[in-house]
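Here is the structure we will look at.
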Amino acid sequence: MNIWKFSSPFLFYKYSSKLVTIFGSLSLILFIIGAYFSLYISPVDSQQGEVYRIIFIHVPSAWMSMLIYLVMGFWSFIGLIFNTRLSFILSHASAKTGAIMCFIALVTGSIWGKPTWGTWWVWDARLTSELVLFFLYIGYISLFKSIESFKKADQVCAYIAIFGTINVPIIYFSVKWWATLHQGASLSFAGGSQIDSVMLTSLLIMTFAFWFYSIAVILYRAKTIVIYRESQKSWLKKDILNAS
Amino acid sequence: MYKVFLFSVKRELLITYRSLNDFLMPFSFFLLLSIFFPIIITTDSLVLMKIAHGILWIAYLFSCFLSINRLFDEDYHSGFFELVSKSKFLIAFVIGKLFCGWLLITLPIIIVSPITLYIYGINETNIVLLFFSMLIGTPIIFNICFMVASLTFNLKASAILAPVLIFPLIIPVLILVTSFFGEDSFHSMHPFDFFKLLFLLSIITTLFTIFVSYNSIKNSS
């Protein structure tokens, strides 16, 4: 079997609907199980009380926001090397989901921070680098929107995504260095308590739920972009006429 | 190759000589900003001493934003890029443009920066250190600005878009330089190690910028 044939928009269009259904339903099931686990089964944290439960959304979304940027950079890199249409489409489709994940992580983080740290926002290393990541996403999306021809937009945005991907670890370490220099270790992320095994299980379930949700949404968005870009192709017209 | 590079440098210098206004704009903007900061914030010299290095870099960054929009506009609209993009010496043109951009926009600012720092009340050692850190560190910021400008020069919203793209990308450099000069961490790093780090980053960004701008100009027409 030739793996490269899956890079054609035609085959992607054919298989993506099935994949969206599979991953979408998986993520829905996992969300329900994860919600039950994290809201009822997990024990109350001895130091933070009930409010700690927000980390079951906060941590997975923060992980996803970083992972999706790496995925974006990866697809842009592949796209620039092999000049495949689909990899640019996937990279572009990931951007919005990544920005949403970043936003969720920031908002839930500050909601969690108000009762535990006593403030909505501190210039902590993780918070700042997440905010910078959010701006990277915003820059990528607004750059894509402002270029009319999508061929050029693909190329231009790919460079920005790759440079951003190289920059993300640098930003993280520089911010960490800067924040620890200025404010000391007054606020550390681990709340002092060892993580319970039930908590870990529910956290993992929620992580996989977020993961499958992102895959489903990204594939669905990519499929829409394929339809938009390939609207003049005969195979697409035939398929849509057959379906209706 | 070398001759093409020299030609490109000569051409840029000639264009600048004929429109000196463009040359003086970022420079005078930098001076204006650095005068405005004490007026707006405070004239207390103790506070000014703490924030002077930050003001210097922010003022430089803003003057970069002001000038990068015009870096490519004229060449694009006059059809120069269309001619050059077919040439096999395109890379020499790109290097020449990058070099001249840094020379004409940044160097005047670096030269005048000790005077600005002096009126802020910084001591001589720090002025010398800041001067050299600007000399080695500004190419990083200018490279990233140049790269983004080369990607966005023929877009409608480029004036707003370029800063949005540049800000997150240069945060590591800004953090590096400001935390080196921040008062509580001044002795945490040897100046030579700091300069070496800046130099390394300049080299890496220069290579990446040349590569990206080369491809961008090649595909622009």
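Data overview
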| item | result |
| --- | --- |
| Residue tally, condition more than 8 Å from chain A (Cβ to nearest Cβ), closer than 24 Å to residue A:128 by Cβ and either buried (at least 22 other Cβ atoms within 10 Å of the Cβ) or at pLDDT 90 or above (or both), over the range B:149-165 | 1 |
| Subset of the range B:202-216 (residues that are farther than 17 Å from residue A:153 by Cβ and buried (at least 17 other Cβ atoms within 10 Å of the Cβ)) | B:202, B:205, B:206, B:208, B:209, B:210, B:213, B:214 |
| Checking residue A:75 against (1) more than 14 Å from chain B (Cβ to nearest Cβ); (2) touching a Leu at 6+ places or on another chain (Cβ under 8 Å); (3) assigned to a helix (DSSP H, G or I); (4) modelled with pLDDT under 90, the condition it does not meet | (4) |
| Helices (runs of 4 or more DSSP H) lying entirely in the range B:1-91 (those with 3 or more residues that are crowded, with 18+ Cβ neighbours inside 10 Å) | B:2-18, B:20-40, B:45-77 |
| Selected residue (criterion: farthest from residue A:213 (Cα to Cα)) from residues of the range A:1-24 that are charged (D, E, K, R) and modelled with pLDDT of 80 or more | A:14 |
| Residues (closer than 25 Å to residue B:163 by Cα and touching a residue at least 12 places away in the same chain (Cβ under 8 Å)) located in the range B:8-34 | B:12, B:16, B:22, B:23, B:25, B:26, B:27, B:29, B:30, B:31, B:33, B:34 |
| Unique match (being crowded, with 18+ Cβ neighbours inside 10 Å, closer than 13 Å to residue B:60 by Cα and either within 14 Å of another protein chain (Cβ to nearest Cβ) or without any contact (Cβ under 8 Å) to a residue 40 or more places away in the chain (or both)) among B:174, B:198 | B:174 |
| From A:90, A:30, residue being at pLDDT 90 or above, touching a helix residue (DSSP H, G or I) at 6+ places or on another chain (Cβ under 7 Å), closer than 27 Å to residue A:197 by Cα and not hydroxyl-bearing (Ser, Thr, Tyr) | A:30 |
| Exclusive hit being closer than 20 Å to residue B:175 by Cβ, buried (at least 21 other Cβ atoms within 10 Å of the Cβ) and among the small types (Gly, Ala, Ser), set A:109, A:139, A:98, A:79 | A:139 |
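The values are calculated or read from the model by the stated rules, or taken from the named source; none is laboratory data. Model, not experiment: these values are computed from the prediction. No Cβ is skipped: glycine too gets one built from the backbone with ideal geometry, and neighbour counts run over all protein chains shown.
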